[in-house]
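Q: Could you have a look at this structure, given as structure tokens, before my questions?
Rule-based calculations on the coordinates, nothing more; no lab input. Since this is a predicted model, take the numbers as computed values, not measurements. Note that we place each Cβ from the backbone using ideal geometry, even for glycine, and neighbour counts take in every protein chain shown.
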């Protein structure tokens, strides 16, 4: 073994596939290759340069690999070993001269279809790299047409991945492997050269909660342990997609490469994809998204489900912001495989936004028109299970008000030349949680989702429909139900019929209250930003920030009730700043500084910031506020504040509504407004203590001074309650 070894990344594999003399063999001597490959399951490769500039390959056995690298791997990343790497890694495209843009092969991999748009050199190179690594049987470049969608649905149905739902128009049901049902936060990493660029340094002895970091070398290792040959026998799909309206100055383009037709169909719903995206892309840069459902190891304990392939024991989600690169392995579930969603739109999106001076946020966007015909737009950030989709599609009970939906999950916001903060919904569909959605809680969602929709892990019914908790009044007594695991289910069954994280994936344009400007390439102007959470005590229905800086502090202080991992522990209040805790693409302290810097944008017309809490309870445990459509009364107060009405009074925590300023006329329920806005001193003293401990333990020296100052002010005010 030569004394000096040079580590290579997976992208470099394609570049060493040819020696100086043009040979494509991995090894200098084919006899050596065959004899050694027969005896060794190689784990890593090193390249050395000899005196004549030829390249030789040196391999370490698994034991040598463990001794050298295991100590450098993050605790959450396990060491696995794949089969040997492919013999040939080719970096050219064989062109058919008879057709302008038709390629018979990309590398040595057959191309199934001709693209109507010429593929740029950058894109072709990326496809070649991925094909060389994953070894698919063929490649298909998606065009986003209806015919393609139908063809892929038929393939999925034939494979048993989905079943048709004849009760509805073009609706389908997928049931996943029970081990592949949700996002995997603990296996989701951001890779940067400097750890502090990704996460704050927590206090010694404290486990950080604001993201997971991985070194670039360890990211390369994680890829090399999983991806080589992972697509053997499968088609590699190339998905050109746009986050945001195609061609909008606020939009970004990505390319997802996947071996899952389910992902292709879902991405067609959730993004704008196909030929128009390729035309717009040209030879520009794009966000690289590589995904594979994976192949379980031979010694895996995973039960193989051929209709839903996955590798849950080795699932990993990786982001490399410096190269705008996302890599996902082992899961077909939407949050892990639809890489345009949380991975691109929030994690990579937030890093791009920081560089370019805008905001990528976990927020709904709604338009609201008052009885006088004046329309405003509001963005709102709520953690999970706090009614984001319900608010985005709300049916107001207050007469004369109209609400229209721009988006229910993600907002990209940028100041225009006149200083207005303008927002787009970068998505093209809704990927909503099904349980709890009903005609009572969200009638507009129910009017949206029963056409052209892919349901995942909900129950099915004997009349060809679907069922989940909340739909008890939607099905007849004689209808039989099969739960998401395929077992017969009845109303007395103790286990839920639908998985708690079951989903509907449906086109946004079908929403009956979709905003006319939802695809406006310039975005909609944001007049207010709401933060909120599920707080059963102490936090009032609504209060307003005194300033932009105070509003950023309110976002940083967001907390919400969530069920503890161990059920017997009951409910706990979790910190979820900006509802972004699982989605930060960079250091949370730097994120706060970026938000604060928006106040310095030239001529910025900063939106007013508010905090809402629909979930406060009485001492007897009943909700104090009816919520749902009645929340329009709170939005009415917000609009009047934006218009400058003097209907707010100073308090210890911010500006509270003056008595009688919230319109409760014809409210069907008797609401105790005094209790709804009471500020218990002991509660808020504990709140200040908890926030101080959280910032100190989790953010430490990265906490901006302005946020520390706001906490000090709150503490002083609460002591004087």
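Q: For segment 432-510, which semi-axes, largest first and in whole Å, follow from the square roots of 5 times the eigenvalues of its Cα gyration tensor?
A: Square roots of five times the eigenvalues give 20, 13, 12 Å.
Q: Next up: Using 0.36 nm per residue, how much length does the chain from residue 572 to residue 197 gain when fully extended, once their Cα-Cα distance is taken away? Can you show the working numbers first?
A: Working: separation 375, 0.36 × 375 = 135.00 nm, distance 2.98 nm.
Roughly 132.0 nm would be gained on extension.
Q: Shifting gears a bit: Starting from the Kirkwood radius over alpha-carbon pairs of segment 185-356, derive D by Stokes-Einstein at 20 °C in a medium of 1.002 mPa s and give it in µm² s⁻¹.
A: Roughly 127 µm²/s, to the nearest whole number.
Q: Using the scaling law 2.2 N^0.38 Å as the reference, what is the normalised Cα Rg of segment 514-645?
A: So the Cα radius of gyration is 1.20 times the expected 2.2 N^0.38 Å.
Q: For 550, 291, 125, what ranking results if the residue with the fewest other Cβ atoms within 10 Å of its Cβ goes first?
A: 125, 550, 291
Q: So for each of 373-385, 137-149, 233-245 I average, over its residues, the number of other beta carbons within 10 Å; can you give me the resulting order with the highest mean first?
A: Result, highest mean Cβ count within 10 Å first: 233-245, 373-385, 137-149.
Q: I've got another one for you. Order these peptides, 156-168, 319-331, by their mean beta-carbon neighbour count within 10 angstrom, highest first. Walk me through the intermediate numbers first.
A: Details: 156-168: 16.2, 319-331: 22.5.
The densest-packed peptide leads the list: 319-331, 156-168.
Q: Moving on. Within a 10 angstrom radius of the beta carbon, how do 535, 451, 354 rank from fewest other beta carbons to most?
A: Exposure proxy ranking, most exposed first: 451, 354, 535.
Q: Using a simple spin-label model with points 7 Å from Cα along the Cα→Cβ vector, what separation in nm is obtained for residue 668 and residue 604?
A: Those two pseudo-labels are separated by 4.3 nm.
Q: Now, a different point. When DSSP beta bridges are limited to those with both residues in segment 185-356, what percentage is antiparallel, rounded to the nearest 5?
A: Among the beta bridges of segment 185-356, antiparallel pairing accounts for roughly 50 percent.
Q: Can you check what the Kirkwood hydrodynamic radius comes to for segment 340-393, Cα pairs only, in Å to one decimal?
A: For segment 340-393, the Kirkwood estimate is 12.9 Å.
Q: When the gyration tensor of segment 261-371 is built from Cα positions, what are the square roots of 5 times its three eigenvalues, in whole Å, from largest to smallest?
A: Listed largest to smallest, the semi-axes of segment 261-371 are 30, 18, 16 Å.
Q: If neighbour count is taken as other Cβ atoms inside 10 Å, put 515, 463 in order from fewest to most.
A: 463, 515
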